[in-house]
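The values are calculated or read from the model by the stated rules, or taken from the named source; none is laboratory data. Small disclaimer: the values here were computed from a predicted structure and weren't measured. In this analysis, Cβ positions are derived from the backbone assuming ideal geometry, glycine residues included, and neighbour counts consider all displayed protein chains. Accessible surface is based on the protein model in full, side chains and every heavy atom, while ligands, DNA and RNA are left aside. Shrake-Rupley method; radii C 1.70, N 1.55, O 1.52, S 1.80 Å.
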Amino acid sequence: KKMKTSRKEKRDREQNLNMFSDVLKIIQHRFSGFSKWINSISDPRHQSYIKYDQELIMMVRILASCCHIESMRNMNCRFNSSNVIDNFSILFNKQFDELPHGDTINNYFKEVSVEQVKNVLTNMVKQLIKDRVCEEYRINGKYYQIVLDATQLNSYKVEHTPGSLVTHHANGNVSYHNNVLMAQLICGNMAVPVDFEWLENSETGYDKQDCELKAAKRLLKRLKKTYKRLNICISADALYLGEPIIEICRENNWKYMITYKEGVIKTADEYYQTAKEHNDTHRYNESDKEGKKNYEYYNEIEYRDYKINIVEMRLTDEEGKVTKFAYATNLNITENNYKKRIGEGRRRWKGENKGFNDLKNHGYNIKHAYSYNENAMKVHTVLQLISHLIMQLVEHYERTKGRFETIKELGYKIKEALRNKVLSAKDIRDINRPFQIRREISY
C-alpha cells in the first residue's frame, strides 16, 4: 500500500527542486529546434532601434504564461527581480540589466507576422508527430484525431478590435466579442493545440453557426496544406454534421467522427429510424462501473451522395439518469469495435476539458485580451497555446516523478523557482542531459 507523503517529506523533497529547469528540460528535450524556429521569424522592427532580441521577447512572454502570470502588468511586477533577470541572462548566455517591459512586448507584437509565429507552434506539433509521441493514440492505428471546437474569449460593451463579432440582445444592448475556432490533436491525456482560426465578422449582424462553419472551412483548408500527408480524423459537435464538412473529409481522404443529433440531417434520421423499426440495427447491452449501457449501430445510411454510419450508446447510471452518446462517422462499425468507436467519439471532450478548461480556468487566462491591437492579441493567443503545449508535457513529466498536485500549483512553483532561485551549473548539465519520459500515465 502506498504511504501518504508527510508535509516534512514534501518540504525536504522540494527543497532543492527547481521546476523552472524542468520547463527548460522539456523544451530542450522535445523541441531542440525551438530557438531556431523563433529566430526564423522576420523581425519587423527598425534594426537601429532594437534593444531586445525577439527570442528574448518571445521567451519572456511564453515563460510568463507558463508561470500563469495573467496580465502584462503582473508580468512587469513579477519579473522585475534580479533573480529572474539572472536566470534569463544564464539562459541566453548574455548579461541583461533589465527584461523587456510589457509595452515593449506589445509594440513588437503589433507588427510581427501572426502566421510566422504560428509556424513555431506548427513546428512543435510536427516534431511531436515525427517523434511518434502521439502515434499509439491513432484511430485504427492510422488516423490522428483532431477536435474542432469554438469558444468565446472575451466580451465587451464597445468594439474592442475591428471585426469583433456582434450580438444584438433582446433588451436593445449590443455586445462585441472575440471567438476562436481551435483544432486540437488528442494525444492520450493531452489536447495538443494544432492551429486556430479567428472568427471575424464583416457584417452588422452575427450568426454564430454560419461564421463558425466558414471558419472551419478556412481552418481545414490550411490543415491540409500544412499537414499534406497526415491521416486525420475530424471530431466535432453536431453543428459540423452536414455536406460541407463531410465533402471536405472525402476530398482529403480523411475520416470524421461527428456528434450525431436528431434533426440535423432529416433524411438520415428517417433512414435510421426506419432501420430501428425493422430491427435492422445491431444492438448490444452490458453493465460496468459507469452503469447500464445500451449500444446500437447501423452502417451505410444514405445521405445525398454519401453513406454515413451511426453508433450510439445510452448510459443509465445508478440514479436512473440516462445520457445518450451518438456519433456519425465514415469509419466502419462492427461487432468487434462498436464500443471502441463510442470511446473515440467521447474523446472529443478532451479538447473541452484539457484544452479550453485549462486555458480559461487554470491560470492561462486566455480570456484576457492583453492588447487593444488585433495583431498583438492574436500573437498573444499563439504564445499562450505554445506555453500550454509545453506545460502539458511538463505536467506529464512531473506526474511520472510523483510531484504533480494541481495545474495552478505547478505554475506557481515554476514562478517561485524563477524568482527565488538562480540556475546552477548542475541545473544546466541536467537540462542538457538526455532523458526519457514515459508516454502514458493514467490520470
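How are the C-alpha pair distances of the chain spread across 10 Å bins, as whole percents from the shortest bin up?
For the chain, the pair-distance distribution reads 4, 19, 27, 24, 16, 8, 2, 0.
Ranked highest first by the average count of other Cβ atoms within 10 Å around their residues, in what order do 21-27, 224-230 fall?
Ranked by mean Cβ neighbours within 10 Å, highest first: 21-27, 224-230.
Evaluate the distance, in nm, between pseudo-label points positioned 7 Å from the Cα of Asn337 and of Glu409 along their respective Cα→Cβ axes.
4.1 nm
Antiparallel DSSP bridges in the chain: what percent, to the nearest 5?
Here the share of antiparallel DSSP bridges comes out near 85 percent.
Show me, for the range 365-370, the HN-Hα J-couplings you get by feeding each phi into the Karplus relation (A = 6.51, B = -1.76, C = 1.60, θ = phi - 60°), rounded to Hz, glycine and proline as x.
For the range 365-370, the Karplus-derived couplings read 6, 5, 6, 7, 7, 6 Hz, x marking Gly and Pro.
So what are the three principal axis dimensions of the range 238-394 from its Cα atoms, in whole Å, longest to shortest?
59, 42, 26
Per the 1.4 Å probe, what fraction of the accessible area of the range 67-138, in percent, lies on carbon and sulfur atoms?
Answer for the range 67-138 is 37 percent, counting heavy atoms of protein chains only.
Please identify the cysteines of the chain that lack any partner cysteine with a Cβ under 4.7 Å from their own Cβ.
Singleton cysteines: Cys66, Cys67, Cys77, Cys211, Cys233, Cys249.
Roll a 1.4 Å probe over the protein chains and send me the accessible area per residue for the chain in Å².
For the chain, the solvent-accessible area averages 50 Å² per residue.
Output ³J(HN,Hα) for the range 246-255: one whole-Hz value per residue in order, computed from phi by the Karplus curve 6.51 cos²θ - 1.76 cosθ + 1.60 with θ = phi - 60°, and x for Gly and Pro.
With the stated coefficients, the range 246-255 comes to 4, 5, 4, 5, 5, 4, 8, 6, 9, 9 Hz.
Compute the distance in nm between two label points, each set 7 Å from the Cα along the Cα-to-Cβ direction, one at Asp97 and one at Lys289.
With each label placed 7 Å out from Cα toward Cβ, I get 6.1 nm.
Given a 1.4 angstrom probe, I'd like the percentage of the accessible area of the range 372-421 that is carbon and sulfur, rounded to a whole number.
C and S atoms contribute 42 percent here.
For Gln436 and Asn171 in one chain, what is 0.36 nm times their gap in residues minus the Cα-Cα distance, to one decimal in nm?
89.6 nm is the gain from fully extending Gln436 to Asn171.
Within 10 Å, count the other beta carbons around each residue, average over each peptide in 341-348, 367-374, 315-322, and list them highest first.
Output ranking for 341-348, 367-374, 315-322: 341-348, 367-374, 315-322.
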